[in-house]
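K.L.:
Sharing a structure with you now.
Coordinate-derived values only; no laboratory data. Computed from a predicted model, the values in this text were never measured in an experiment. No Cβ is skipped: glycine too gets one built from the backbone with ideal geometry, and neighbour counts run over all protein chains shown.
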Amino acid sequence: MEQPNKSYINSLSGGDLHFEEKLMAIIKNEFPQEKEVYQTNIKNKNLKLAAENVHKLKHKISILGLKNSYEVAMTFENNLLKGNIILQDEFESILKTITDYLKLP
């Protein structure tokens, strides 16, 4: 499985370490909350709302340089809108990888 990285963030920052730190702080702050809301919606079978959560999360997936995972998230989002949870396990594995990378509880 591909691993998160800061290459996209580095390319955006142009070497501005303060910008990089600020962007990572935003991701570390928002990601756990968005993940929790997604998990609640999946648990409650609110698939349309879960699709909206995946839509938000996929942007963080992209920012963290996970190109293949972004494609999985895009497909999973579309599946959820059709009432289909195929790719749920794969998507949640991506979320765990990001959680581990960000060193979050």
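K.L.:
Using a 7 Å offset from the Cα along the Cα-to-Cβ direction at both Thr75 and Asp89, what is the distance between the two label points in nm, to one decimal?
P.N.:
1.5
K.L.:
Taking a threshold of 21 Å on the Cα-Cα distance, which of the pairs Lys35/Lys58; Lys45/Lys103; Lys28/Lys58; Lys6/Lys43; Lys28/Lys82 fall above it?
P.N.:
Distance filter (> 21 Å) returns Lys45/Lys103; Lys6/Lys43; Lys28/Lys82.
K.L.:
Stretched out fully, how many nm does the piece from Phe19 to Asn44 gain, at 0.36 nm a residue minus the Cα gap?
P.N.:
Between Phe19 and Asn44, full extension yields 5.3 nm more.
K.L.:
Additional query: Place a point 7 Å from Cα of Tyr8 in the direction of its Cβ. Which residues in the range 68-105 have their backbone N less than 18 Å from it?
P.N.:
Only 68-78, 91-103 fall inside the zone, counting backbone N under 18 Å.
K.L.:
Run the helix sum for the chain: -39,500 (n - 2.57) per DSSP H stretch of 4+ residues, divided by residue count, reported at 222 nm to the nearest 500 deg cm²/dmol.
P.N.:
Estimated from H runs of four or more residues: -25500 deg cm²/dmol.
K.L.:
Same structure, new question: Using only alpha-carbon positions, what ratio does the radius of gyration of the chain give when scaled by 2.2 N^0.38 Å?
P.N.:
This ratio for the chain stands at 1.07.
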